[in-house]
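The values are calculated or read from the model by the stated rules, or taken from the named source; none is laboratory data. If you're wondering where the values come from, they're calculated on a predicted model, not measured in any experiment. Heads up, the Cβs are rebuilt from the backbone with ideal geometry, glycines too, and the neighbour counts pull from every protein chain shown.
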2 protein chains.
Amino acid sequence: MQSFEINKSDLLKIKNALEANDTELQRVLGEYHASEIAILFERLTPEEREKIINVLPSDIASEVISEMDEENHPEQILFNLHPEKRSEIIEELDYDDATDIISQLEEHEQEQVLEHIDQEDATNIRALLHYDEDTAGGLMNTDVIKLNANLNKKDALEEVIRQSEEKEEFYTIYAVNDRDILQGIVSLKDIIKSKPDVMVHDLLKTDYVYVKAEVDQEEVARLMSQYNLTSIPVVNDHLKLLGRITIDDIIDVMEEENTEDILKISGVSEDEELSGNWKDAVKSRLPWLIINLGTAFLAASVIRHFGNLEAKLPIIAAYMTIIAGMGGNAATQALAVTVRRISLSDLTDAQAYNTVLKEFLVGMINGAVNGIIVLVVALFYDANPMLGLVLFLAMTGNLIVAGLTGASIPLLLKRLGIDPAVASSIIITTFTDCIGFLLPLWLASALLL
Amino acid sequence: MQSFEINKSDLLKIKNALEANDTELQRVLGEYHASEIAILFERLTPEEREKIINVLPSDIASEVISEMDEENHPEQILFNLHPEKRSEIIEELDYDDATDIISQLEEHEQEQVLEHIDQEDATNIRALLHYDEDTAGGLMNTDVIKLNANLNKKDALEEVIRQSEEKEEFYTIYAVNDRDILQGIVSLKDIIKSKPDVMVHDLLKTDYVYVKAEVDQEEVARLMSQYNLTSIPVVNDHLKLLGRITIDDIIDVMEEENTEDILKISGVSEDEELSGNWKDAVKSRLPWLIINLGTAFLAASVIRHFGNLEAKLPIIAAYMTIIAGMGGNAATQALAVTVRRISLSDLTDAQAYNTVLKEFLVGMINGAVNGIIVLVVALFYDANPMLGLVLFLAMTGNLIVAGLTGASIPLLLKRLGIDPAVASSIIITTFTDCIGFLLPLWLASALLL
């Protein structure tokens, strides 16, 4: 199979079916997987989406709604539905997904939705609405399979089958005591394979990993990836079992965090939605550009200082921009490698030292090679060996500075508790610009005038 | 729980235990999870790692080896072990993990390892060694639970229990016909809940997603994320079941791909290992820097062309670097948002058009705001209103170019089948540098001289 991509014929088919009657629309929709319909939704109007959700069976409709991109506002579709259809769809949703969607509504709208659904569902969703959506509590599903550790094999199996009636699939069975305090994890396979007189507590795996509800979602992702978990139980301070987070929810967190990393390193606020409008984009990027402008003035003041030299040697301006620009490029390289390395694992002092040393070496070699090229150009093009020497020294020096700052600034920021992805590139560009202007101008003043 | 971070006391404890006797070492290691030992390995010498693997029970040792960072060469530890211990560890490994590790050895070393292990294991690993490690075949595990679709409930349950004896956990049960052709997916829950006279083929879910063995791992990751799968069956051209890929293997793929994205957008070869040595770093980054140097000469030639102006108005050089630099920053912002958007989903023509239009608007507004700031500075600092006007126009113009190219170049490259993350930033910097130099110089020539 191939991953689904929208093509014109699919879209045309759906659009035509939307014009025809409901039976035809149902027939056409039947050809698509719920995830595919959610993707097709990106190209439809809100009215068309609502019409489709209305004709789909509730189980498929709920899948489509839970797979919809947040930016297409699944909560509005849900809110606009007939209360009966809405209850059916919410009943089919996992509690965590239902909560995510409902949490996007205004408070009075939330109440309106929760009043008309099954009482148990409403209680569960209300409980989940209390957690910040970026924490373990906000990610978890309360709908777990849990067994009292004192059950025997026969009762345990019956209980698992009873509890799993309503669940699509389950990963792990949790064992609790009478007060719902987590005792351990037990696998269905072990229950099935066990002798008839075995109790649940004989089968427990007790060296499991858990999280508290208030833990940040990034930390949950790190834990699950580090310990290779497919699910993780969420508990309160007294180790009472509250729910569990499954790996599919974490994949979305990882995608989100990775988008944020790329944006931050490029000077875009991590909150900017990729498909947001121009107003949000201006709000997210302008502050950063203005800070950059301030540091650019700082670097340019270096040039002002040598105004005298430029009048006598106008050619230096062209070379100076080359050297500053190359410093920026080399620093970006060192920065990307270091930032990514920090975000995947913490570095020890020795590793940090080695990283800076390595980038110093890389900067020196890359600087020397590029310096020789510039020297050769200056020889052939400007027939000025002394200018060539100035440029060679300036290029090598600036690329060493680029390597040193590209590696050490993010390491330093990390130690100061500042997110290295956000602040590093602005500090580093300032360095490579200032040094990139200063070195050729100062060397030229000293050696050429 | 917190994710595990190495601290000095853990490391000291392990180092001391390594000096003491094996019993003490075993006792200390018993306090750690296999994943944690794998993390501690980063700080130990190869000899210390080997000693630890030798005293650990084979099941824990195999977990540690499969969790070790590739850069610490688990294959060498495995190869240096006593053949008997080695066989025990390989027997405990999943076939896909064993294959990944063994594939890193030289061919004659591979043979040496495979000769001394269980025949069935060797056959399975040999089969997996044929697949490219970046494809579905290279990721899959052949050790699946499969049932003949013609089994009845009792035989099916017995068969599941028999096959699962050797497996830590399993996600999905696959139903096949007599020739191992995939017929569908069946859940253990459904088998348990079914009536005694039901056959496996009555319980099949047939609208499942599968991949062929030669499909690229990125495509597998996209499919599993798009359809929210925890596992996916891998088949050959005749739909014969070859194995299955589980979500935990895909998480590693996603981490890898995301690292590559960040590196590529920063001008680092995607193959550079984050903790690689300086030689690899030079090899990975120097070619890119030299290409950049070429384009920098192109941009600098614009400045050469106006050498005349600079001699008369040296101050223009300082402002010109500010305008070119700000163009680079704004273009990087537009580029990061667009590249990330492309990598998460394909854009239609209409979406592409809207993206470019949005970036044009954002560039114009951000350009005008920054242009006003530069204008004010020129008024107060240089008391030159005409210079201020020149700089305002040049800043606005260059940030419009930055937005337009930052959005349209990656979209264009994507349509041409070129990876937008790799080539975009070099093209865009060239544009913003050239225009950033050209606009203020040309406007100043026209309006100020």
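Some notes on this structure:
- Boolean, residue A:421 is under 20 Å from residue B:336 (Cβ atoms) and assigned by TED's automatic domain parsing to the domain that holds residue A:289: yes
- The listed residue being touching a helix residue (DSSP H, G or I) at 6+ places or on another chain (Cβ under 9 Å) and within 7 Å of chain B (Cβ to nearest Cβ), out of A:293, A:313, A:309, A:298: A:293
- Residue in segment B:36-47 that is assigned to a helix (DSSP H, G or I), on the phi < 0 side of the Ramachandran plot and among the hydroxyl-bearing types (Ser, Thr, Tyr) present: no
- Qualifying residues in segment B:267-282 (those that are polar (S, T, N, Q) and free of Cβ contacts under 8 Å to residues at least 24 places away in the same chain) - the one nearest to the other protein chains (Cβ to nearest Cβ): B:277
- When we screen A:31, A:67, A:47 for residues that are surrounded by 14 or more Cβ atoms within 10 Å (Cβ to Cβ), of a type in the set (Asp, Glu) and in the same structural domain as residue A:104 (by TED's automatic domain parsing), the only hit is A:67.
- Within segment B:256-265, the set of residues being in contact (Cβ under 8 Å) with a residue 12 or more places away in the chain and at the interface with chain A (Cβ under 7 Å from one of its Cβ atoms) comprises B:259, B:261, B:265.
- Residue satisfying all of: in segment B:187-218; more than 7 Å from every other protein chain (Cβ to nearest Cβ) and aliphatic (A, V, I, L, M); farthest from the chain's Cα centre (by Cα) among these: B:198
- First in segment B:31-44 and facing chain A (nearest Cβ under 8 Å), second anywhere and crowded, with 21+ Cβ neighbours inside 10 Å, Cβ under 8 Å, 6 or more apart: B:35/B:63
- Hits in segment A:96-122 - residues which are assigned to a helix (DSSP H, G or I), of a type outside the set (A, V, I, L, M, F, W, C) and under 30 Å from the mean Cα position of the chain (by Cα): A:96, A:97, A:99, A:100, A:107, A:109, A:110, A:121
- Among the residues listed as B:379, B:393, B:389, B:344, the single one being within 11 Å of chain A (Cβ to nearest Cβ), surrounded by fewer than 23 Cβ atoms within 10 Å (Cβ to Cβ) and not basic (Lys, Arg): B:344
- Test: residue in segment B:142-162 that is of a type outside the set (S, T, N, Q), within 13 Å of another protein chain (Cβ to nearest Cβ) and part of a strand (DSSP E or B): yes
- Residue check for residue B:221: small (Gly, Ala, Ser), under 23 Å from the mean Cα position of the chain (by Cα) and surrounded by 22 or more Cβ atoms within 10 Å (Cβ to Cβ): yes
- Looking across segment A:423-433, just one residue is away from every other protein chain (no Cβ under 12 Å), of a type in the set (A, V, I, L, M) and touching a Ser or Thr at 6+ places or on another chain (Cβ under 9 Å), and that is A:427.
- Taken together, B:101, B:173 contain a single residue that is more than 14 Å from chain A (Cβ to nearest Cβ) and either crowded, with 18+ Cβ neighbours inside 10 Å or at pLDDT 85 or above (or both), which is B:101.
- Residue list for segment A:176-202, filter: crowded, with 18+ Cβ neighbours inside 10 Å, part of a loop (DSSP other than H, G, I, E, B) and at pLDDT 90 or above: none
- Among the criteria (1) away from chain A (no Cβ under 13 Å); (2) more than 26 Å from residue A:206 (Cα to Cα), the one residue B:69 does not fulfil is (1).
- Of the set (1) among the polar types (S, T, N, Q); (2) more than 30 Å from residue B:416 (Cα to Cα); (3) more than 7 Å from chain A (Cβ to nearest Cβ), all apply to residue B:351 but (2).
- Filter result for residue B:25 (modelled with pLDDT of 90 or more, of a type in the set (A, V, I, L, M) and buried (at least 16 other Cβ atoms within 10 Å of the Cβ)): yes
- Some residue of segment A:86-95 being modelled with pLDDT under 90, touching a strand residue (DSSP E or B) at 6+ places or on another chain (Cβ under 8 Å), assigned to a helix (DSSP H, G or I) and outside the structural domain of residue A:222 (by TED's automatic domain parsing): yes
- When residues in segment A:254-281 are screened for being surrounded by 21 or more Cβ atoms within 10 Å (Cβ to Cβ), under 14 Å from the mean Cα position of the chain (by Cα) and polar (S, T, N, Q), 2 of them pass.
- Residue in segment B:235-255 that is small (Gly, Ala, Ser), touching a helix residue (DSSP H, G or I) at 6+ places or on another chain (Cβ under 6 Å) and more than 9 Å from every other protein chain (Cβ to nearest Cβ) present: no
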